[in-house]
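**Student:** The structure under discussion is supplied below as structure tokens; questions concerning it will follow.
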Amino acid sequence: MLTIAVDAMGGDYAPKSEVEGAVRAASEYPVRVILVGPEDIVRRELQNHPDADGLPIDVHHASEFITMEDSAAKAVRTKKDSSIKVASRLMRDGDARGVVSAGNTGAVMATAKITQGMIRGVTRPALASAFPTVKGTPVVVLDVGANVDSRPEMLAQFAVMGEVYSRIIFHNRRPRVGLLSIGEEEHKGNDLTRAAQPLIKALPINFIGNVEGRDVFTGDADVIVCDGFIGNVTLKVSEGLVELITGMLRESLEATVRRKLGAVLSRDAFRELKKRVDYSEYGGAPLLGVKGVNIICHGRSNANAIKNAIRVAAEFAQGRVNEKIEDELEQSAASKAVAT
């Protein structure tokens, strides 16, 4: 049984969402969960879940926690016993196989890099987020915010990491990898994308060339690579669009119900759509490139998102994603050395 450590004080609704998500995960999946945070607060929340009795859930005390308002760099230096740092140490020391947090993204990333270190061959970590597509298969977009500025060689590393992640977690035998740009032609884009293009093209992956913003949702690519600034804007615009569409559909549904015309069918269709575009179904974004398994969730994550993030962390650990990323990067480096 894999053990996953959950930062119980990370999200906007902590520890309620974290505890409920842990209870759901421990009852549905073959995982043991360690909830990390002030023991009295976490246990008090656990008491609201009598169904947790007998489940493989433990509480590990951490006297501090990092808030969204904290400066990430300062908090990581000064809050030595924060819930995210304690959870990260549990993984480093072998007491857990993965960490899940809906806390301060900068603090989670800094803690992971300092506590666990980077895997060989990776310059910077990348956040990978799964987006829904019209074909019903998710596309992995990275980086969605770990790096505001990226270099061409970093995008090439992101391509390898995303390809391995898509292959193992989403079971794509040969993922199609695209580079996000303003046109499909090779000469289009900015200095970064034009410089990254030949580097990614030389990799032993199924690179399909440049893709445009609209291709994020078509399902024609399984992995889309971009710099963290563009990726984060894409992520936030997509979240806003989902909220707009679901809000408008809800209003239309309510009007339909009032007219008592096709109410049941409309409700079923709405629920199906909401499930397909709901970020909580995908859990969280893995931080690729650091040693260990780190899943970073949306600050507003509900219990369903935490539950699925725990599932993703377990699948990530079982799939030995980091080891395979390291192997792929070494093979790419060896191929390049032979070629030159």
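**Student:** Students often get this wrong, so try it: which of (i) 18.8; (ii) 24.9; (iii) 15.6 is mean projected area of the Cα convex hull in nm² as calculated from the structure shown?
**Tutor:** Identified label for the calculated read-out: (i).
**Student:** Working from the pairwise distances between different alpha carbons, so that the mean of 1/r is found and then inverted, what is the range 1-159's Kirkwood radius in Å?
**Tutor:** The answer is 16.8 Å.
**Student:** Calculated from DSSP H runs of 4 or more alone, at -39500 (n - 2.57) each and per residue, what is the 222 nm mean residue ellipticity of the chain, nearest 500?
**Tutor:** So the helix-based figure for the chain works out to -15500 deg cm²/dmol.
**Student:** Given a cut-off of 27 Å, name the pairs among K201/K324; K188/K236; K79/K324; K79/K236; K16/K80 whose C-alpha atoms lie farther apart than that in the structure shown.
**Tutor:** Too far apart for the 27 Å limit: K79/K324; K79/K236.
**Student:** Here's a follow-up. Taking only complete DSSP H runs, can you tell me which helices of the chain stretch 15 Å or more along their own long axis by Cα positions and average at least -0.5 on the Kyte-Doolittle scale?
**Tutor:** Correct list, ordered by number: 105-116, 152-169, 191-201, 228-259, 263-277, 303-318.
**Student:** Please give the charge dipole size of the range 118-178, origin at the Cα centre, charges +1 on K and R Cβ atoms and -1 on D and E Cβ atoms. Round to the nearest 20 debye.
**Tutor:** For this selection, approximately 300 debye.
**Student:** Something else: Amide H of D58: which non-local residues (sequence gap of 5 or more, or other chain) have their own amide H closer than 5 Å, using H built in the peptide plane?
**Tutor:** HN-HN under 5 Å from D58: V33, I34, L35.
**Student:** Count the net charge of all other residues whose Cβ sits under 14 Å from the Cβ of D227, scoring Lys and Arg as +1 and Asp and Glu as -1.
**Tutor:** -1
**Student:** A further question follows. Around A8, with a cut-off of 9 angstrom between Cβ atoms, what is the net charge of the other residues, counting Lys and Arg +1 and Asp and Glu -1?
**Tutor:** -3
**Student:** Among DSSP bridges having both ends in the chain, what percentage is antiparallel? Round to the nearest 5.
**Tutor:** Here the share of antiparallel DSSP bridges comes out near 25 percent.
**Student:** Exposed loop trypsin sites (Lys or Arg not before Pro) only (DSSP loop, at most 16 other Cβ atoms within 10 Å): please give the longest stretch of the chain free of them, not including the sites.
**Tutor:** Value returned for the longest uninterrupted segment is 1-79.
**Student:** Still on this structure: Determine the percent antiparallel among the DSSP beta bridges restricted to the range 1-160, to the nearest 5.
**Tutor:** 20
All of the numbers you see were taken from the coordinates with simple rules; none came from a lab. What you are looking at is a predicted structure, and each value in this text was computed from that prediction instead of being measured. Note that we place each Cβ from the backbone using ideal geometry, even for glycine, and neighbour counts take in every protein chain shown.
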